[in-house]
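The values are calculated or read from the model by the stated rules, or taken from the named source; none is laboratory data. Note that the structure is a prediction, hence the values are computed from the model and not measured. Backbone-built Cβ (ideal geometry, glycine too); neighbour counts: all protein chains shown. Please note that ligands, DNA and RNA were not included when accessible areas were found on the heavy atoms of the full protein model with its side chains. Shrake-Rupley method; radii C 1.70, N 1.55, O 1.52, S 1.80 Å.
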Amino acid sequence: AEARASLVARPARDASRKQGETGFDAPPWHAYAWANVKEGEEPTPGSTKGKMVVIHAFQSWCPDCVRRGFPVMKQVEDGLAGADDVALFHLQTVFEGVKENTPERGAKKTAEYGIKAPVGFDARVDGARESLLMERYFTGGTSWTVVIDRKGVVRFNGRTPDSKTLLALVQELRK
């Protein structure tokens, strides 16, 4: 399998933010590798501008992801099928178990649940404690979901809720 990767500068963490905070302008997110998407069609902050964005943060070995996160997000993916105004993708936010949580394992684990949406890899690099998404969005682990509205404002930032709750939130924000 071919891997595509790129690195970005890591800014200092904003100490004024709190875990799970909402209502702030979404900072750029980034992935170092992608699966389930053609080269050149990877989601980027630029390509998703003006769309609802749903990001599911996971780790391939996370018990909550396996038990709840992947099944919930598969239901959400199915519920949003054909919604071209919503960008849904999964980011493997590796903050522990770096040797086990590889891009290949993330893609394989999501495939086990029938997930077809893009799967990105956002591991900690350069000695950082957390992945870039975790640093910029102040997430609290995995399974975690971030929902960004069309204007680029974070509207949900927390443990992945049940699919009914998450779909209702996305549908309300799409109006």
Pairs, first farther than 13 Å from TYR32 by Cα and open to solvent by less than 20 Å² (accessible area, probe 1.4 Å) in the range 102-121, second of a type in the set (Lys, Arg) and modelled with pLDDT of 95 or more, C-beta under 8 Å, six or more apart: ILE115/LYS74
Top-ranked residue of the range 51-82 - restricted to ones that are of a type in the set (A, V, I, L, M) and touching a strand residue (DSSP E or B) at 6+ places or on another chain (Cβ under 8 Å), ranked as farthest from LEU166 (Cα to Cα): ALA57
Top-ranked residue in the range 1-39 [being aromatic (Phe, Trp, Tyr) and modelled with pLDDT of 90 or more; ranked as farthest from ALA123 (Cα to Cα)]: PHE24
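Just to be sure I understand, how many residues within the range 25-35 are in a loop (DSSP other than H, G, I, E, B) and surrounded by 16 or more Cβ atoms within 10 Å (Cβ to Cβ)? Working first, answer last.
Of all residues in the range 25-35, those in a loop (DSSP other than H, G, I, E, B) come to 26-32.
Remaining after also requiring surrounded by 16 or more Cβ atoms within 10 Å (Cβ to Cβ): 26-27, 29-32.
Looking only at that region, the number is 6.
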Cβ pairs under 7 Å, 6+ apart, first in the range 46-67 and open to solvent by 60 Å² or more (accessible area, probe 1.4 Å), second modelled with pLDDT under 95: TRP61/GLY97; TRP61/GLU100; TRP61/ASN101
Subset tally (residues that are buried (at least 18 other Cβ atoms within 10 Å of the Cβ) and either assigned to a loop (DSSP other than H, G, I, E, B) or without any contact (Cβ under 8 Å) to a residue 12 or more places away in the chain (or both)) for the range 92-101: 4
Unmet criterion (only one of (1) within 14 Å of the chain's Cα centre (by Cα); (2) open to solvent by less than 50 Å² (accessible area, probe 1.4 Å)) for ARG159: (2)
In the range 122-140, the residues that are without any contact (Cβ under 8 Å) to a residue 40 or more places away in the chain and crowded, with 16+ Cβ neighbours inside 10 Å: ARG124, GLU130
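Any idea which residue in the range 75-91 is surrounded by the fewest Cβ atoms within 10 Å (Cβ to Cβ), counting only those that are farther than 21 Å from GLU41 by Cα and over 15 Å from the mean Cα position of the chain (by Cα)? Outline the logic, then answer.
Filtering the range 75-91 down to residues farther than 21 Å from GLU41 by Cα leaves 75-76, 79.
Retained after the next criterion (residues that are over 15 Å from the mean Cα position of the chain (by Cα)): 75, 79.
On the way: GLN75: 15, GLY79: 17.
So the residue we want is GLN75.
Each row is one residue, and each column tells you yes or no for (1) closer than 15 Å to TRP29 by Cβ; (2) outside any loop (DSSP other than H, G, I, E, B); (3) in contact with a Leu (Cβ under 6 Å, 6 or more places away or on another chain).
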residue	(1), (2), (3)
GLU104	no, yes, no
LYS108	no, yes, no
MET134	yes, yes, no
GLY140	no, no, no
VAL146	yes, yes, no
VAL154	yes, yes, no
GLN171	no, yes, no
Failed condition for THR102, given (1) of a type in the set (Ser, Thr, Tyr); (2) in contact with a helix residue (DSSP H, G or I) (Cβ under 7 Å, 6 or more places away or on another chain); (3) at pLDDT below 95: (2)
